[in-house]
1. Give me the pairs: first residue in region 73-87 and touching a residue at least 60 places away in the same chain (Cβ under 8 Å), second residue surrounded by fewer than 22 Cβ atoms within 10 Å (Cβ to Cβ) and part of a helix (DSSP H, G or I), beta-carbon distance under 7 Å, and six or more apart or on different chains, which are they?
2. Give, as residue ranges, the helices (runs of 4 or more DSSP H) completely inside region 1-63 that count at least 3 residues that are touching a strand residue (DSSP E or B) at 6+ places or on another chain (Cβ under 9 Å) and closer than 23 Å to residue 221 by Cβ.
3. What is the number of the single condition among (1) in contact with a strand residue (DSSP E or B) (Cβ under 8 Å, 6 or more places away or on another chain); (2) outside any loop (DSSP other than H, G, I, E, B) that residue 137 does not meet?
4. Given the options 120, 128, name the one that is touching a residue at least 40 places away in the same chain (Cβ under 8 Å) and exposed (fewer than 15 other Cβ atoms within 10 Å of the Cβ).
5. Since residue 18 meets every condition but one in (1) under 18 Å from the mean Cα position of the chain (by Cα); (2) surrounded by fewer than 17 Cβ atoms within 10 Å (Cβ to Cβ), which condition does it not meet?
6. I'm trying to understand the selection: among the residues of region 163-178, which are surrounded by 24 or more Cβ atoms within 10 Å (Cβ to Cβ) and either modelled with pLDDT under 90 or assigned to a helix (DSSP H, G or I) (or both)?
7. Return the pair list, or none, for Cβ contacts closer than 6 Å from residues in region 41-57 that are touching a residue at least 60 places away in the same chain (Cβ under 8 Å) to residues that are buried (at least 17 other Cβ atoms within 10 Å of the Cβ), at least 6 apart or on different chains.
């Protein structure tokens, strides 16, 4: 898979999701299904969006004991999604178990990526709430290295860290970056943000874009603008 824009379908019902996706009569966007939609509608929403021809990033951020995550990933692998994720903070042992569970009997599997630090987390909250006192860049790089050593395909990170992740883990190690906003848009509750053009410049492989597209007056035009700025 090459560079792509992933649209975060952060809706609370299948009805709203299909109404949004039905607007895309040409190019079918790569979509992210997160906790809100998955918990509202269950695995059927994943099957239906896949049936409609979309690639899917299933963003459930698993984080539990290794055996539980392994068994959960074995179930998710049956949904034929393209990317799954988990929290790198769950340790290399948990990540390795997840990879084992996600791999189907024929050896195929979705891509598996790890969340380093959420883009809503800044240095101050990481230190005060998580008692992690190393610099943010150092923490993200360490989590990325652990994910690579566990056999994962890449990480979710801020666009600000994507270039350093590639330098540390190699160009083939994927960077999936939320926290992307248009230069003339609202940053919302994100702390560490970048425009699509900037994300392209520093080497993000995938950008995840939600409200700048889903809340736009013309979502299709906003999506096409994002693709032009990021993919070219």
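1. Cβ pairs passing all conditions: none.
2. In region 1-63, the matching helices (runs of 4 or more DSSP H) lie at 14-21.
3. (1)
4. Exactly one residue qualifies, and that residue is 120.
5. Among (1) under 18 Å from the mean Cα position of the chain (by Cα); (2) surrounded by fewer than 17 Cβ atoms within 10 Å (Cβ to Cβ), the lone unmet condition for residue 18 is (1).
6. 165, 178
7. From region 41-57, the pairs are 57/6; 57/32; 57/83.
Here's the yes/no breakdown for (1) modelled with pLDDT of 95 or more; (2) on the phi > 0 side of the Ramachandran plot; (3) in contact with a strand residue (DSSP E or B) (Cβ under 7 Å, 6 or more places away or on another chain):
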position: 127; (1), (2), (3): yes, no, no
position: 130; (1), (2), (3): no, no, no
position: 133; (1), (2), (3): yes, no, no
position: 151; (1), (2), (3): yes, yes, no
position: 155; (1), (2), (3): yes, no, yes
position: 158; (1), (2), (3): no, no, yes
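The values are calculated or read from the model by the stated rules, or taken from the named source; none is laboratory data. Keep in mind the model is a prediction, meaning the values are calculated, not measured. As a convention, Cβ positions derive from the backbone with ideal geometry for all residues, glycine included, and neighbour counts pool all protein chains shown.
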